[in-house]
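Asker: Can you read through this structure? Questions will come right after.
The values are calculated or read from the model by the stated rules, or taken from the named source; none is laboratory data. Computed from a predicted structure; not experimentally measured. In this analysis, Cβ positions are derived from the backbone assuming ideal geometry, glycine residues included, and neighbour counts consider all displayed protein chains.
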Amino acid sequence: MEHFDLLIIGTGSGNSILGPQHEHLKVALVERDAFGGTCLNRGCIPSKMFVYPAELAELAAHVGPRLGVDTTMQGVDWPGIRDRVFGRIDPIAEGGERWRTGDEQPHVTVFKGSGRFTGDKTLTIDLLDGSKTTITAETIILAAGARVAVPDAIASSGTPFHTSDTIMRVDSIPDRLVVIGGGYIGAELGNVFGSFGSDVTILTRGKTLLTREDPDISERFTAAYANKYTITTGVSAINRYRAEGDEYVLDVTTDDGPATVRADAVLVAVGRIPNGDELNVEATGVALDERGYVITDEYLRTGAEGIWALGDITNPAQLKHTANAEARIVAHNLDNPDALRAVDRSITPHAVFGHPQVAAVGLTEAQAIEAGHDVVATVRSYGDAAYGWAMEDTSSVVKLVADNTTRQLLGAHIVGPQASTLIQQLIQGMTFGQTVDEMARDQLYIHPALTEVVEQALLEL
């Protein structure tokens, strides 16, 4: 049984922890899939590489003609787009693995396969070549991420379906695509295929898409999608999934009663499950919460001595930027045991790269009221600012939520073009403790840039 100084499970953000300062350590890396983790290979990076041409297609089909520009969307070269994306992505993953297994990293041993704890700091790995090996380690970092969730009726059906792991590599655009799930994955990938020509139907449990967003945002987003896709809300159960000829058929229960939906392809996008259970972490003294996330303290230490956790396996936000930040925390704490740094998740922004975009940080208005704040809120339309007016935008908004006593910004919520960029200055203001008055008045906003809608919202508070 081989023993290591450091074991890292997962080569996403966890792989970034290793640096020159660790060359004296005997290190093991365990990875059951492509190097780089979900984000690089089948998540945020390739999906956004599809989002960008999808946005161009949507602008050509709808926005250009509305503004007097003679553009049309004649179709797309799907194989060309797909091969361009993965022709850039796959070599990065392959290069990362070559680097870790090459002569320049003799202190690192890479195990390709699925690991499972079988005792205290003891990991048994089912290697991809069919063999098994068992290793132990003094220090362990759990960075194994999460996996797609699949409803039982679909998983047990024996009928093919897609998830975000597979849909981006299909050979052709389906004529009819059913998306199960109204969260950010379904919203983004559904819009990609819809913009490229699929007839998209989205099935969602809630009354709107993106139900975790502030209602003013989710309702506007849902209305925008309802203008171009079929949205079925209130789907409480998937009763049966089957193939009939070349069609895939879903029998579902909705608030309005039973319904049958037919498609040429089905994308399951109902969420992701942290991988702590598959690792059997409890065998090494690591506890999971009721949702399956690894429990850590503020320094990202688990309850087992010498075992740390970061990223999607422990953080329900399941965001790459939070995983990267947590990797930096763990890297520092490993090297500086007498000067530990705590993770701060109080200001965690996110974005949805649909069309329109959505971005948010902090509390919704309802959450702020529930928390007991003296709440003041405002909703400002893009069209109130000069650039938004020039765009003839009639649906996009910035919503801000503040405490009227402390004058601190509690939450920011944007739906519309460039939302993921516009929100950054608000994130910075919140991080550095600026009041909404300071954010509004203590800097110049370029006229007539779209950022003026943020200025106007701040001034209105």
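Asker: Report yes if some residue within segment 80-87 is in contact with a Cys (Cβ under 8 Å, 6 or more places away or on another chain), among the hydrophobic types (A, V, I, L, M, F, W, C) and part of a helix (DSSP H, G or I); otherwise report no.
Answerer: No.
Asker: Take I92 and tell me if it is assigned to a helix (DSSP H, G or I) and under 28 Å from the mean Cα position of the chain (by Cα).
Answerer: Yes: the conditions hold for I92.
Asker: Take the conditions under 19 Å from L6 (Cα atoms), in the same structural domain as I17 (by TED's automatic domain parsing) and surrounded by fewer than 14 Cβ atoms within 10 Å (Cβ to Cβ) and apply them to G95. Does it pass?
Answerer: No; evaluated as a whole, the condition is false for this residue.
Asker: Taking the stated definitions as given, is Q443 surrounded by fewer than 19 Cβ atoms within 10 Å (Cβ to Cβ) and without any contact (Cβ under 8 Å) to a residue 60 or more places away in the chain?
Answerer: Details: surrounded by fewer than 19 Cβ atoms within 10 Å (Cβ to Cβ): yes; without any contact (Cβ under 8 Å) to a residue 60 or more places away in the chain: yes.
Spelling it out, Q443 is indeed surrounded by fewer than 19 Cβ atoms within 10 Å (Cβ to Cβ) and without any contact (Cβ under 8 Å) to a residue 60 or more places away in the chain.
Asker: Then there's this: Output the residues belonging to segment 248-301 that are without any contact (Cβ under 8 Å) to a residue 60 or more places away in the chain, assigned by TED's automatic domain parsing to the domain that holds I125 and among the aliphatic types (A, V, I, L, M).
Answerer: A287, L288, I295, L300, listed by residue number.
Asker: Looking for something crowded, with 21+ Cβ neighbours inside 10 Å and on the phi > 0 side of the Ramachandran plot - is there at least one such residue anywhere in segment 352-365?
Answerer: Scanning segment 352-365, I find at least one residue that is crowded, with 21+ Cβ neighbours inside 10 Å and on the phi > 0 side of the Ramachandran plot, so the answer is yes.
Asker: Can you name the condition, by its number, that S198 falls short on among (1) buried (at least 24 other Cβ atoms within 10 Å of the Cβ); (2) within 20 Å of K48 (Cα to Cα)?
Answerer: Checking S198 against (1) buried (at least 24 other Cβ atoms within 10 Å of the Cβ); (2) within 20 Å of K48 (Cα to Cα), the one that fails is (1).
Asker: Pull up segment 169-185, narrow it to residues that are hydrophobic (A, V, I, L, M, F, W, C) and in a loop (DSSP other than H, G, I, E, B), then point me to the one that is farthest from V415 (Cα to Cα).
Answerer: The residue in question is V170.
Asker: Here's a follow-up. For segment 54-74: of the residues being in contact (Cβ under 8 Å) with a residue 40 or more places away in the chain and part of a helix (DSSP H, G or I), which is farthest from V192 (Cα to Cα)?
Answerer: Of everything passing the filter in segment 54-74, R66 is farthest from V192 (Cα to Cα).
Asker: Among the strands (runs of 3 or more DSSP E) contained in segment 205-300, which hold 3 or more residues that are in contact with a strand residue (DSSP E or B) (Cβ under 9 Å, 6 or more places away or on another chain) and over 30 Å from E58 (Cβ atoms)? Spell out how you get there, then give the answer.
Answerer: Numbers: elements: 230-232, 235-244, 247-254, 257-263, 265-268, 272-274.
The strands (runs of 3 or more DSSP E) meeting that bar are 235-244.
Asker: Further, regarding this structure: So if I check each of D103, D126, which one is under 30 Å from E2 (Cβ atoms), surrounded by fewer than 18 Cβ atoms within 10 Å (Cβ to Cβ), in the same structural domain as L310 (by TED's automatic domain parsing) and touching a residue at least 12 places away in the same chain (Cβ under 8 Å)?
Answerer: Residue meeting the stated conditions: D126.
Asker: Identify, by number, the condition in (1) surrounded by 19 or more Cβ atoms within 10 Å (Cβ to Cβ); (2) of a type outside the set (A, V, I, L, M, F, W, C); (3) more than 28 Å from G115 (Cα to Cα) that G80 doesn't meet.
Answerer: (1)
Asker: Now for a separate question. Would you mind finding the one in A153, A137 that is in contact (Cβ under 8 Å) with a residue 60 or more places away in the chain, outside any strand (DSSP E or B), surrounded by 14 or more Cβ atoms within 10 Å (Cβ to Cβ) and not acidic (D, E)?
Answerer: A153
Asker: Taking segment 135-181 as the search range and keeping residues that are under 22 Å from R291 (Cβ atoms) and of a type in the set (S, T, Y), which one is nearest to the chain's Cα centre (by Cα)?
Answerer: The residue in question is S164.
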